[in-house]
Amino acid sequence: MGSTTKYIFITGGVTSSLGKGIIAASLAKLLQSRGLSVTIQKFDPYLNIDPGTLNPYEHGECYVTEDGAETDLDLGHYERFLNTPTSQSNNITTGRIYNNVITKERRGEYLGKTVQVIPHITDEIKNNFYKLGEGGKYDVIITEIGGCVGDIESLPFIEAVRQTRWDIGAGNVLVVHLTLIPYLSAAKELKTKPTQHSVKQLLEAGIQPDILVCRTEHHLPLEVKKKLALFCNVHLNCVIEAMDAKTIYDIPLLMKKEKLDERVISKLKLTTKAPAELDHWKEFLGRLKNPTQEVNIGLIGKYVSLPDAYKSIIESFTHAGAVLECKINLSLIPSEEITPENAKSKLEELQGILVAPGFGERGLDGKMEAVKYARTHNVPFFGVCLGMQIAVIEFARNVLGLEDANSTEMDQDTANPVIALMEEQKNVKQLGGTMRLGAYPCELTRGTKASAAYSRSKIFERHRHRYEFNNKYQKQFEQNGMVASGINPDTGLVEIIEVAGHPWFVGTQFHPEYKSTVLNPHPLFVRFIRATIENKKNR
Ligand code: GLN
């Protein structure tokens, strides 16, 4: 562990979905803006080694880092807020901890000892708590503990936090507990009891929280704050109100107003610049909240009933919209509902269409219809990963005349596999962690929409897929107007396709959405929105 590195743990109580990730990212943002170097990591209590095999309906999007880790979607918030990359070390699950311990046990590393939750699992957790601090790169490491205090699953994490205080000294560790203060409208009262109980549970586990962050729909009167301070054993000025906000990007400023950063700095005795410099952030919020125009965009996908499944895409739209002072009315449209008969009525109000990433056959025909509509009606189109692959299949079927063209993911025996399994994927047996993952280089073809967007010739973008464009067909596609505008210089894999002569028809095999941040909105999203604004003007 870095000798001067300070550790902040964020726990949650009363209920899940209180936004620990956003509070962690906001606190990190405030500390970063005071000149501290900060990173955030998340420890998840479930037994999957990583969320890569989880259905997006269960857990929302799987976020992918530069180094190819499949991680919790909160890491996306960390990157979008801090503008610094995370890695595999920033997301650890109980499954990974146990896997490490059991692997060591099989290697005989425990020298005949009985391997137990305490100390072996807790030691492994702590090693991972400290890992990012080892290089001395960070002043502060914020660790978000997934789940709720009191869950059986998260007990070893909580125990490890308790031990950390002893290991590295109370002055170097801070525990922030995020909780809910419900409002009972019949009684017109804010209730503190659930918070009292959840702090008691923490105390039973040997942890006294230093700061309470209280999610609430109504301002907390002084009386309520005093009661919380008294019953929960925290200083009155460490009871922080976290009101519901219009956008998650308001939270850093709200937390600054509530002085969360100041409390943390004084409790951990951190030396910082003051006050926090957040000019860029405020400028972004100003543009986000005062749009001068608006467009309607459709996101076509099969997991749309849970918007978290497309978190990074939705946030990328927010960033790009702010650049152009354009309000984005995003409709999430289930691909299964689109048919040749209703495509026009479902899509005609849209100025842009994005076909989302995904897996498997369900909803494929609807996505194909959406692509066809965008291509033939000159509606700006953005295909991401599976969305790009479908654009290729649609073009093959309807322009090249290869009626049975398909991806071998959907039909192994198709006579025209325009999208096919990568060579190195052919012998893959296990599903977890075996896709083409993380950042790869891509060279852009001059004179294309892609190269105009990036204004650079070489880029690195993140991947998560098994199938790819089949280069056997490249000439045929090019001769008919679908060009490869981005190619991996090492492998020759097609990374970006475009339809020449269309106002904006771009598909990427990679996921641009993982790299869009408040400070660096993604150029392809910005260009796509710009094209939709043009489209609206011209109609
Ligand atoms: N199912 C496709 C593949 O594995 C696309 C994956 C994705 O959209 N992330 O290649």
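So what's the back-of-envelope 222 nm ellipticity for the chain, counting only DSSP H runs of four-plus at -39500 (n - 2.57) apiece and dividing by all residues, rounded to 500?
-10000 deg cm²/dmol
At 7 Å along the Cα-to-beta-carbon direction for both K289 and N237, put a label point, then send me their distance in nm to one decimal.
2.6
Between T491 and A170, what length comes free when the chain is fully extended (0.36 nm per residue of separation minus the Cα-Cα distance, one decimal in nm)?
So the extension gain works out to 110.4 nm.
What dipole magnitude, in Debye to the nearest 20, does segment 400-539 give about its Cα centre under +1 on Lys/Arg Cβ and -1 on Asp/Glu Cβ?
740
How would you classify segment 83-139 from its alpha-carbon gyration tensor, with a ≥ b ≥ c the square roots of the eigenvalues: rounded for a/c under 1.5, else prolate if a/b is greater than b/c, otherwise oblate?
Taking the square roots of the gyration eigenvalues as a ≥ b ≥ c, segment 83-139 is prolate.
May I ask you to evaluate 6.51 cos²θ - 1.76 cosθ + 1.60, the Karplus curve with θ = phi - 60°, for each residue of segment 140-155 and list the ³J(HN,Hα) values in order in whole Hz, giving x for glycine and proline?
9, 10, 9, 10, 8, 9, x, x, 10, 4, x, 5, 4, 4, 8, 3
E336 accessible area, nearest 10 Å², 1.4 Å probe?
Solvent-accessible area, nearest 10 Å²: 100 Å².
Once you charge only the Cβ atoms, +1 for Lys and Arg and -1 for Asp and Glu, what is the size of the charge dipole of the chain about its Cα centre, to the nearest 20 debye?
On the way: 63 positive and 64 negative charges, 321 e Å.
Once rounded to the nearest 20, the dipole reads 1540 debye.
What is the calculated FRET efficiency for L184 to K475, with r their C-beta to C-beta distance and R₀ = 51 Å, to the nearest 0.05?
Given R0 = 51 Å and the Cβ-Cβ separation, E is 0.15.
Could you pull the Rg and Dmax for the chain, using just the Cα atoms, both in Å?
Here Rg and the maximum Cα pair distance are 24.9, 76 Å.
Would you work out the relative contact order for the chain, in percent, from Cα pairs under 8 angstrom that are 6 or more residues apart?
Numbers: 1102 pairs, mean separation 81.6, N = 539.
This gives 15 percent for the chain.
Mind checking the per residue accessible area of the chain for me, 1.4 Å probe, whole number of Å²?
On the way: 22720 Å² over 539 residues.
Heavy-atom accessible area per residue stands at 42 Å².
Tell me which aspartates and glutamates have Cα within less than 16 Å of K113's Cα, excluding those fewer than 8 residues away on the same chain?
Once the sequence-local aspartates and glutamates are set aside, what remains near K113 is E105, D123, E124.
As I understand it, the value is the acute angle between the Cα axis of helix 20-33 and the longest principal axis of the Cα atoms of the chain; what does it come to in degrees, rounded to 10?
The two axes meet at around 80 degrees.
Pop out the carbon and sulfur fraction of the accessible area of segment 171-282 as a percent, whole number, probe 1.4 Å. Working shown, then result.
Details: 3100 of 5730 Å².
Ligands and nucleic acids excluded, carbon and sulfur reach 54 percent.
Towards the positive end of the charge dipole of the chain, with charges on Cβ (+1 Lys, Arg; -1 Asp, Glu), say which of A484, H218, L444 has the farthest Cα.
The residue sitting most towards the positive pole is H218.
Given a 1.4 angstrom probe, I'd like the percentage of the accessible area of segment 324-415 that is carbon and sulfur, rounded to a whole number.
41
Putting +1 on Lys and Arg Cβ atoms and -1 on Asp and Glu Cβ atoms, find which of S37, L82, Q430 reaches farthest to the positive end of the dipole of the chain.
So the residue furthest toward the plus end is S37.
Sequence-distant or interchain residues sharing an amide H contact under 5 Å with N470, placed H: which?
Answer set, sorted by chain and number: I419, A420.
Mind pulling the angle between the C-alpha long axis of helix 386-398 and the longest principal axis of the chain? Nearest 10 degrees, somewhere in 0 to 90.
Roughly 10 degrees, rounded to the nearest 10.
What is the dipole size for segment 284-391, taken about its Cα centre, with +1 at each Lys and Arg Cβ and -1 at each Asp and Glu Cβ, in debye to the nearest 20?
Values: 11 positive and 12 negative charges, 48 e Å.
Taking the Cα centre of segment 284-391 as origin, the dipole is about 240 debye.
Within segment 58-137, report the trypsin sites (Lys or Arg not before Pro) that DSSP leaves as loop and that have at most 12 other Cβ atoms within 10 Å.
Qualifying residues, ordered by number: R107, K113, K137.
Using a 7 Å offset from the Cα along the Cα-to-Cβ direction at both D404 and D67, what is the distance between the two label points in nm, to one decimal?
In this crude label model, D404 to D67 measures out at 4.6 nm.
Which pairs in the list K193/K257; K20/K191; K20/K367; K200/K282; K372/K515 are over 31 Å apart, alpha-carbon to alpha-carbon?
In this structure, K20/K367; K200/K282 lie more than 31 Å apart at Cα.
K536 to E134: FRET efficiency via 1/(1 + (r/R0)^6), r the Cβ-Cβ distance, R0 56 Å, to the nearest 0.05? Don't skip to the answer; put the middle values down first.
Values: r = 52 Å, r/R0 = 0.93.
Efficiency for this residue pair is about 0.60.
Amide H neighbours of E241 under 5 Å, at least 5 residues apart or on other chains, H built in the peptide plane: list them.
Amide H neighbours of E241, under 5 Å, 5+ apart: C214.
In segment 15-95, carbon and sulfur make up what percent of the accessible area (probe 1.4 Å)?
50
Within segment 283-308, list the residues whose amide N lies under 12 Å from a label point set 7 Å along Cα→Cβ of T247.
Label zone hits: 283-292.
Which of the aspartates and glutamates could a cross-linker bridge to K449, judged by Cα under 16 Å and excluding same-chain residues fewer than eight apart?
Answer for K449, where 16 Å is the Cα cut-off: E478, E495, E498, E534, listed by chain and number.
Can you tell me how much longer the chain between E348 and L254 gets when fully stretched, taken as 0.36 nm per residue apart minus their C-alpha distance, in nm with one decimal? Can you show the working numbers first?
Working: separation 94, 0.36 × 94 = 33.84 nm, distance 3.96 nm.
Contour length minus the Cα-Cα distance gives 29.9 nm.
What FRET efficiency do you get for K226 and S16 if R0 is 30 Å and r is their Cβ-Cβ distance, rounded to the nearest 0.05? Please report the intermediate quantities before stating the final value.
On the way: r = 28 Å, r/R0 = 0.92.
Here the calculated transfer efficiency is 0.60.
Around K42, which amide H atoms from residues at least 5 apart in sequence, or from another chain, sit under 5 Å from its own amide H, with H modelled in the peptide plane?
Correct list: N91, I92, E144.
What are the aspartates and glutamates whose alpha-carbon lies under 13 Å from the alpha-carbon of K269, with same-chain residues fewer than 8 places away excluded?
K269 reaches D139, D261.
Would you kindly derive the ³J(HN,Hα) couplings of segment 351-361 from the backbone phi angles with the Karplus curve 6.51 cos²θ - 1.76 cosθ + 1.60 (θ = phi - 60°), listing them in order in whole Hz, with x for Gly and Pro?
9, x, 10, 10, 9, 7, x, x, 9, x, 8
Using the Cα centre of segment 1-105 as origin and beta-carbon charges of +1 (Lys, Arg) and -1 (Asp, Glu), tell me which of L54, G13, T71 is placed farthest towards the positive end of the dipole.
Farthest towards the positive end: G13.
With viscosity set to 0.692 mPa s and temperature to 37 °C, compute the Stokes-Einstein D of segment 320-412, Rh being the Kirkwood radius across alpha carbon pairs; µm²/s, no decimals.
In µm²/s, the coefficient rounds to 237.
The values are calculated or read from the model by the stated rules, or taken from the named source; none is laboratory data. Please read all numbers here as calculations on a predicted model, not as lab measurements. Positions of Cβ are backbone-derived with ideal geometry, glycine not excepted, and every protein chain shown enters the neighbour counts. To get the accessible areas, we keep the full protein, side chains included, count just its heavy atoms, and leave off ligands, DNA and RNA. Shrake-Rupley method; radii C 1.70, N 1.55, O 1.52, S 1.80 Å.
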